[in-house]
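Everything on this sheet refers to the single structure shown next.
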């Protein structure tokens with residue numbers, strides 16, 4: 001960089017699931033001597049490949065990838081742990097004169113890095129957490145999430161009900177402080193000179209891509225993948241196993257749901273997930289440069305934007 005006092009550069013590629021982030025990020029990282037940091041919380045876990053649409057070994061061989069396969073399914077990767085690891089990796093990439101690309105569709109993980117989030121300063125209350133977990137066991141994750149929605153609509157809109165750990169944390173903060181969880185997350189100073197590229201598609205086209213991806217997952221052996229996880233001793237109620245589709249696959253393997261119904265359910269919940277992602281990445285967000293995925297000229301357009309931005313940053 002021309003001036004060591006400048007903030008380090010960071011390019012983020014965001015957008016809903018199945019929009020086409022993986023291939024675009026690979027092409028751009030190859031073109032600009034970059035490395036990819038995944039901000040998709042589903043990709044942390046080893047052995048969970050098909051159901052998370054994890055980049056293939058061939059794709060990851062094209063450019064260096066980070067924060068993929070960093071934990072076993074029974075390990076917990078908190079938002080704070082991710083934030084710290086991502087920041088250290090970005091710093092290392094820039095020191096080596098390469099360009100970091102933060103890629104993924106998990107909104108809170110993306111924002112935690114790019115906006116320097118400071119989490120609510122509320123210590124864990126194991127007694128309260130135990131009571132909330134007992135309620136989840138008795139009445140279900142959806143009931144618990146509904147209670148969060150009643151207390152804090154904004155928080156509930158951005159937390160999937162299957163993410164029980166995060167739902168419980170939000171309720172813990174609310175019940176401990178008497179304030180909304182969504183109002184207590186503070187932004188710190190951004191550490192980066194950030195360029196955010198957003199990919200979008202018309203919703204019907206995106207849903208069609210989602211449906212085809214899910215059908216392909218089953219063709220490629222998703223049920224076998226889930227069975228392997230169960231055989232390895234990983235419990236179906238682990239936080240990692242709340243990734244989209246794994247619950248439905250467990251039901252199929254247990255004889256509780258036919259495969260066709262599981263596929264239909266996966267398509268439905270993934271569409272809900274797509275809509276929830278839109279709460280994090282809004283079309284009118286002035287900080288996001290939006291491009292229509294599938295446009296024949298998209299790569300040329302984005303490449304030009306990046307070159308102009310790099311010239312201004314002096315990197």
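In the stretch 258-278, which residues are in contact (Cβ under 8 Å) with a residue 60 or more places away in the chain and more than 17 Å from residue 162 (Cα to Cα)?
Result: 278, single match.
For residue 128, all conditions in the list (1) assigned to a helix (DSSP H, G or I); (2) in contact (Cβ under 8 Å) with a residue 40 or more places away in the chain; (3) closer than 15 Å to residue 44 by Cβ hold save one; what is the number of the exception?
Tallying (1) assigned to a helix (DSSP H, G or I); (2) in contact (Cβ under 8 Å) with a residue 40 or more places away in the chain; (3) closer than 15 Å to residue 44 by Cβ, residue 128 fails exactly one: (3).
Pairs only if they're at least six apart or on different chains, beta carbon under 6 angstrom, first in the stretch 80-92 and touching a residue at least 40 places away in the same chain (Cβ under 8 Å), second in a helix (DSSP H, G or I); list them, first residue then second.
Filtered contacts from the stretch 80-92: 82/109; 86/113.
Considering only residues that are surrounded by fewer than 22 Cβ atoms within 10 Å (Cβ to Cβ), under 15 Å from the mean Cα position of the chain (by Cα) and within 23 Å of residue 210 (Cβ to Cβ), which ones fall in the stretch 55-72?
Scanning the stretch 55-72 gives a single hit, 68.
Any chance the stretch 120-131 includes a residue that's in contact with a strand residue (DSSP E or B) (Cβ under 7 Å, 6 or more places away or on another chain) and under 22 Å from residue 280 (Cβ atoms)?
no
Values quoted throughout were computed directly from the atomic coordinates according to the rules given, and no laboratory measurement underlies them. Quick caveat: nothing in here was measured; it's all calculated off a predicted structure. Because the Cβ atoms are built from the backbone with ideal geometry, glycine has one as well, and the counts that use them run over all protein chains shown.
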